[in-house]
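Report on the following structure.
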Amino acid sequence: MGKALLISVALISTCGLVYELIAGALASYLLGDSVTQFSLIIGTYLFSMGIGSYLSKYFKKGLLERFIQVELLVGLIGGFSAAVLFISFEHVHSFRLLLFTFVVITGALVGLEIPLLMRILKDEYDFSDLVSKIFSIDYVGALFASLLFPLVLVPYLGLLRTSFLFGGLNVAVGLWTLYLFRDRISNKTTLSTMGSLFFALIIAGFLGSQKMLHFAEGLKYGAPIVYKKQSKYQRLVITQQNGGFRLFLNGNLQFDSRDEYRYHEALIHPGLATLQSPRHVLVLGGGDGLAVREILKYPSIESITLVDLDPAMTKIFTTNPMLVELNKASLKHPKVKVINDDAFIWLRHNKKKFDFVAIDFPDPSNYSLGKLYSKSFFLELKRALKKEGLFSIQSTSPYFARESYWCVASTIEEAGFLITPYHAYVPSFGEWGYFIGSFGPYRKPENFPEELKFLTKASLESLFEFPPDMKRLPVPAQKLNNQILVHLFEKEWSRVN
Amino acid sequence: MGATGLIGLGLLSKRALLDRLNQLTSGSIPGSVYGANFKRGHHLLLKNLHSKPSRTKRVKVAIVGGGVSGLSCAYHLKKYCPHFKEEDVILFELEDHLGGNAHSQGTTAPWGAHYLPLPNPENHELLEFLRDSKILIKNSKGVETFDPFMMVAAPQERLFIHGRFQEGLLPKQGLPKEERKTSESEFKRFFSWTKELTHTKGRDGRYLFDIPMERSSQDSQWREIDNLSFKEYLTQKGFKSESLHWYTNYCCRDDYGTTSSEISAWAGMHYFCARRPKPLPGLDQNPNEVFLTWPEGNAFLVKKLKEKTPYQSLSKMMCTEVAQDHLKVFDFEKKETIQVKADHIVLAVPQFIQKHLAKISPKESAFQYTPWMVANLKIKWDEDLAKVLAWDNVNYHGKGLGFIVSHHQSLKATHRETTLTYYWPLTHSAPHDARKWALGREHRNWTEDILKDLEPMIFDLRDRLIKIDVWPWGHAMVSPTPGFMFQKRLSTFELAPSVISAHSDMSGLSLFEEAFYRGEQAALQIKERSSS
């Protein structure tokens, strides 16, 4: 009997230390500053163990039952701690409060274990022998846990499954003790039901931990995730819901399959449809192939060159059946040439001239992207356009980011283009803005390709109408040496979000 | 439970754990200490390479030293003496690489200066070189301007002060109210005063301060301030604000490696009053705040100088002796001494080396050189850092001068790594002691100091570090101490009429423009002599 309990000492001390390490590791993952986090967690945990040890004197009778209850509880709470903390991180008001509540409860329960055990075992051993055995085994268990955790558990199991595994072990110790001492325990059935239930929950948690992580991220994106990839350049996430799906790059929505046609028809046709038999088209950005899909509706097109930075992006839009269905396999079309390169650098070396250029860059949310909206960029673009050619560019929202939108206008004008501003309503984005840049005056198109779902000759007029709340503001141009657009963009969108 | 010992274990991944264990056991951050090849140089002192020449070579011009002044001399010889054939001119360099202080050997970032301010419109020779190198170009309207991708992009400069970054280097954020008021009015007074002097000419019709400095006015009224220290002079002029004194001291350390209390007031004023570049077309920015910069710093200019020079340049060659019509060089590769007979010899090396070449007894030298340490920190880069840092990032009252983000001009949309070039003029003790101290230090000592200075600015710098390479410069630049510019500087010697000195320390100001000018002057002298 005594041996069995000593083995459980080894197990519970390992479990106890693992919970502490999990709390510390999670806190440094999520909150940063690992030294502070570890220090605070360890201190609080040890202190709570002290509270547990102190409280142990109030348990007078039924020590074995108490011990088993403690095991089962600490197993359940410790086992679920990582999952609960991880999933709730983005959604609770005070993560620290939750974290330290967990630490205090687990610590106190773990602190109860050893004093209870010592009192249970005190009649079977000589006291000095007991103290030496229990503490040496306890410390050996701690060493074992501390080596196992960083070298095996975290790399191979991950934090969530590690936490479930040790919760399970704790509950198993409880159940085992229950079995060994079944003759001396009064409320066997309650305890064994409780234990089995906890054990089942923990096993379910262990098996479902990957799903839980998905769910946690899904909460962030507001829908279940069906694809995710960290490429060399960005994090691609696709979520699916209500028959549509959405693409996020670095957490920013790029399109929703249910209304993207509005965005892409507006990006391409007001410009491209005015040209007499355009032949060579350049697309900068737009690795989703959706702009290319619209361009391919013109039979006169001979070549489309698409320059997008991220090979992971163009690859998934060439191979994933769901995405290929959406872009009508545009990137696999024989007229289309995909180049993975930095658009600005590619443009500086480019010597070809195009009839039409469509620019679909991410918004100017940082200085690197801001360079793609600078006067120097549009000066380079000039060299890539034929005299009768024109370009269109997405330019954030003239409603939510009015100054940013008109900053792009000033920039294109300063580079020596005539501009034609227009906008379209895209439900998942709101009111969205574009410009057409050209060398000569712009004429509205007479005809559009068939089968457009949004643009018609009649509805086109409204795109060029700017109500007073989106009217032009006098804003200086974006240049490499002022990056004014990035500041405006940040200011205006932080008011929206 | 004995758990506290675990704090130190990274716990993040096996890889991180191994790295951390490695750091703990060896206690080191990856990287190396480089440095000018002073072992080769010290052979000059030991005089053990004066073996008999194994062959003799004949040239018209031999240039000793492949730094900016030597390369500029070669560049201008091609222009001024077009009749010289390629084999008529030869350049010898002691190091493995050309460029002197402006090289970027072994890294993508510089080991010296990172930028060139816009030249004054009268500095025709320099403007011509920039035109030649397509740095000064014509815009779409046919007007001359600088390549927009070489002019420093926004955000340009940030100062880390009172725990946060502020825009610009003039201290503002978090100053106590009283100091804020005095410093605001004193900075205003200081800049209007220096601006006025910038455009003032002396009685001899020259600007009071000019670049090259030889073209400055010789008015005695202004030469006299050379005997004062810059700090004394500013105090005399009634400037008391702590932040103004910090700023002026920072500028002196930045350009001349010397504190404002040890630098000549004339040199200090030169920093603020010698630049008056023309406004640039279509650029609504003060041209004084525009810098030309490249990821590899001024090593870019070195590359251009080299490209435009047709003559042979040999590295790992040490000049051991100079006489009227010949010199001897030791070839470290072939281990032989060559005698080079030349009509003209250009010594494009600092005075402390010239002294040895000319076998002048090493008495108290008029030329003092400050040691520097330059470090290139290769780090992981991400959006969090991009939001905080500018091109130039300075720590208020920091030990070093701060650092430059080398990829700042890049047109790539994303970056995962970058190099920070960190500058530290070793002004904490007298140059001789600081030099001895610096050359005795190990990589570990340097990285500890660098991290201590930079960690407040980038809190997770240690986690981002890939490596730190360090380059201690024993004799980084000449120090224009009081009385130097108009007395001691002129105490150079003439070896022989055919031997011409060309080095920025003859200007007392270690600037690219001065080195470029001294090289150009040497070429001009050769032209005049060979035509007469």
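Taken over the range A:146-157, the criterion of being surrounded by 20 or more Cβ atoms within 10 Å (Cβ to Cβ) and within 9 Å of chain B (Cβ to nearest Cβ) is satisfied by A:Ser146, A:Phe149, A:Pro150, A:Val154.
B:Lys60: of a type in the set (Lys, Arg) and under 23 Å from the mean Cα position of the chain (by Cα), yes or no? I'd like the intermediate steps shown before the answer.
Numbers: of a type in the set (Lys, Arg): yes; under 23 Å from the mean Cα position of the chain (by Cα): no.
So B:Lys60 fails the test.
Residue check: is B:Ser313 under 24 Å from B:Asp505 (Cβ atoms), in contact with a Phe, Trp or Tyr (Cβ under 9 Å, 6 or more places away or on another chain), of a type in the set (Ser, Thr, Tyr) and not in a strand (DSSP E or B)? The answer is no for B:Ser313.
Among the candidates A:Ser136, A:Ser132, A:Ser81, which residue alone is away from chain B (no Cβ under 14 Å), over 29 Å from A:Lys188 (Cα atoms) and of a type in the set (Ser, Thr, Tyr)?
On the way: A:Ser136 fails: away from chain B (no Cβ under 14 Å); A:Ser81 fails: over 29 Å from A:Lys188 (Cα atoms).
Unique residue meeting the criteria: A:Ser132.
Tell me whether the range A:218-226 contains one or more residues that are within 14 Å of another protein chain (Cβ to nearest Cβ), under 22 Å from the mean Cα position of the chain (by Cα) and either surrounded by fewer than 15 Cβ atoms within 10 Å (Cβ to Cβ) or within 19 Å of A:Glu260 (Cα to Cα) (or both).
Initial filter on the range A:218-226 (within 14 Å of another protein chain (Cβ to nearest Cβ)): none.
Within the range A:218-226, not a single residue is within 14 Å of another protein chain (Cβ to nearest Cβ), under 22 Å from the mean Cα position of the chain (by Cα) and either surrounded by fewer than 15 Cβ atoms within 10 Å (Cβ to Cβ) or within 19 Å of A:Glu260 (Cα to Cα) (or both).
The set of residues in the range B:491-524 being farther than 28 Å from B:Trp111 by Cα and modelled with pLDDT of 95 or more consists of B:Leu524 alone. Residues that are surrounded by fewer than 20 Cβ atoms within 10 Å (Cβ to Cβ) and either at positive phi or not assigned by TED's automatic domain parsing to the domain that holds A:Lys479 (or both) within the range A:384-426 comprise just one, A:Gly416. Within the range A:330-375, the set of residues being within 12 Å of chain B (Cβ to nearest Cβ), polar (S, T, N, Q), surrounded by 23 or more Cβ atoms within 10 Å (Cβ to Cβ) and not in a loop (DSSP other than H, G, I, E, B) is empty. Of the residues in the range B:438-459, at least one is touching a Ser or Thr at 6+ places or on another chain (Cβ under 8 Å) and surrounded by fewer than 19 Cβ atoms within 10 Å (Cβ to Cβ).
Taking (1) more than 25 Å from A:Lys386 (Cβ to Cβ); (2) touching a strand residue (DSSP E or B) at 6+ places or on another chain (Cβ under 7 Å) in turn, A:Leu463 satisfies each apart from (1). Of everything in the range B:123-163, what is surrounded by fewer than 14 Cβ atoms within 10 Å (Cβ to Cβ) and at the interface with chain A (Cβ under 10 Å from one of its Cβ atoms)? Give them in sequence order. Across the range B:123-163, the qualifying residues are B:Ser140, B:Lys141. For A:Leu473, the criteria (1) surrounded by 19 or more Cβ atoms within 10 Å (Cβ to Cβ); (2) away from chain B (no Cβ under 14 Å); (3) modelled with pLDDT of 95 or more hold in every case but one, which is (1).
The values are calculated or read from the model by the stated rules, or taken from the named source; none is laboratory data. Everything numeric here is computed off the predicted structure, so don't read it as measured data. Positions of Cβ are backbone-derived with ideal geometry, glycine not excepted, and every protein chain shown enters the neighbour counts.
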